[in-house]
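**Student:** Before we start, here is the structure in question, set down as structure tokens.
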Amino acid sequence: MIRGIRGATTVRFNEEDEIIKETKRLMEEMAKSNQVNPELISSVFISVTSDITATFPAKALRLIDGWKYVPVMCMPEIDVPGSLEKCIRVMMSVETKLPQDKVNHTYLNEAIQLRPDLTKE
């Protein structure tokens, strides 16, 4: 079964090092909490708010062992007035045996407010 695993995080500054660090942290937590093997990842889509322009967050995936061939694409998030700033959102499609209600979606930093119903305490 192919399932979508959602995740999001925020950065304090539009700086390459922080964007890469926080994206890598998010991806590693998403993979760990769902026992994801990179061989079973179909694709990863990453969207960013318009205030993130210093680098492509997808670069972070290349720093994770075994993720060299994972297809990844970055795109802009819809610019909705009043939405969370400096936010990186991820949709990872993976082959898994987990039932949909057992998938662990990961929200870090200020992004916790996006889906408090899915955030573990």
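**Student:** Going by what's in this entry, would residue 70 be described as within 23 Å of residue 20 (Cβ to Cβ), in a strand (DSSP E or B) and either of a type in the set (Val, Ile, Thr) or touching a Pro at 6+ places or on another chain (Cβ under 6 Å) (or both)?
**Tutor:** On the way: within 23 Å of residue 20 (Cβ to Cβ): yes; in a strand (DSSP E or B): no; either of a type in the set (Val, Ile, Thr) or touching a Pro at 6+ places or on another chain (Cβ under 6 Å) (or both): yes.
The answer is no for residue 70.
**Student:** While we're here: Among (1) assigned to a helix (DSSP H, G or I); (2) within 18 Å of residue 71 (Cβ to Cβ); (3) without any contact (Cβ under 8 Å) to a residue 60 or more places away in the chain; (4) not hydroxyl-bearing (Ser, Thr, Tyr), where does residue 26 come up short?
**Tutor:** Residue 26 satisfies every listed condition except (3).
**Student:** Which condition breaks for residue 65 when tested against (1) in contact with a Leu (Cβ under 7 Å, 6 or more places away or on another chain); (2) at pLDDT below 95?
**Tutor:** Failed condition: (1).
Okay, residues lined up against (1) of a type in the set (A, V, I, L, M); (2) more than 14 Å from the chain's Cα centre (by Cα):
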| position | (1), (2) |
| --- | --- |
| 4 | no, no |
| 11 | yes, no |
| 19 | yes, no |
| 24 | no, no |
| 31 | yes, no |
| 53 | no, yes |
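**Student:** So residue 60 ticks every box in (1) within 18 Å of residue 16 (Cα to Cα); (2) touching a His at 6+ places or on another chain (Cβ under 6 Å) but one. Which box is left unticked?
**Tutor:** Answer for residue 60: the failing condition is (2).
**Student:** Which of the following residues is surrounded by fewer than 18 Cβ atoms within 10 Å (Cβ to Cβ), basic (Lys, Arg) and modelled with pLDDT of 95 or more: 21, 102? Steps first, please.
**Tutor:** Details: 102 fails: modelled with pLDDT of 95 or more.
The unique qualifying residue is 21.
**Student:** When both residues are 6+ apart or on different chains and their Cβ atoms are under 6 Å apart, which pairs have a first residue that lies in segment 99-118 and is more than 16 Å from residue 49 (Cβ to Cβ), and a second that is part of a helix (DSSP H, G or I) and among the aliphatic types (A, V, I, L, M)?
**Tutor:** 105/118; 106/30
**Student:** Here's a follow-up. Determine whether residue 70 is in contact with a strand residue (DSSP E or B) (Cβ under 6 Å, 6 or more places away or on another chain), of a type outside the set (Phe, Trp, Tyr) and farther than 16 Å from residue 7 by Cα.
**Tutor:** Numbers: in contact with a strand residue (DSSP E or B) (Cβ under 6 Å, 6 or more places away or on another chain): yes; of a type outside the set (Phe, Trp, Tyr): yes; farther than 16 Å from residue 7 by Cα: yes.
The answer is yes for residue 70.
**Student:** Still on this structure, please answer the following. For residues in segment 53-70 being closer than 17 Å to residue 87 by Cα and of a type in the set (Ser, Thr, Tyr), which is surrounded by the most Cβ atoms within 10 Å (Cβ to Cβ)?
**Tutor:** 55
**Student:** Shifting gears a bit: Answer yes if at least one residue in segment 85-97 is closer than 19 Å to residue 16 by Cα, of a type in the set (D, E, K, R) and either free of Cβ contacts under 8 Å to residues at least 40 places away in the same chain or assigned to a loop (DSSP other than H, G, I, E, B) (or both), and no otherwise. Outline the logic, then answer.
**Tutor:** Within segment 85-97, the subset closer than 19 Å to residue 16 by Cα is 85-90.
Checking the rest, the ones that are also of a type in the set (D, E, K, R) come to 85-86, 89.
Next, from what is left, pick out any that are either free of Cβ contacts under 8 Å to residues at least 40 places away in the same chain or assigned to a loop (DSSP other than H, G, I, E, B) (or both): 85-86.
Checked against the condition, which is being closer than 19 Å to residue 16 by Cα, of a type in the set (D, E, K, R) and either free of Cβ contacts under 8 Å to residues at least 40 places away in the same chain or assigned to a loop (DSSP other than H, G, I, E, B) (or both), segment 85-97 yields at least one hit.
The values are calculated or read from the model by the stated rules, or taken from the named source; none is laboratory data. Predicted model only: the values in this text are computed from it and were never measured. Here the Cβ is made from the backbone with ideal geometry for all residues, glycine too, and neighbour counts use every protein chain on show.
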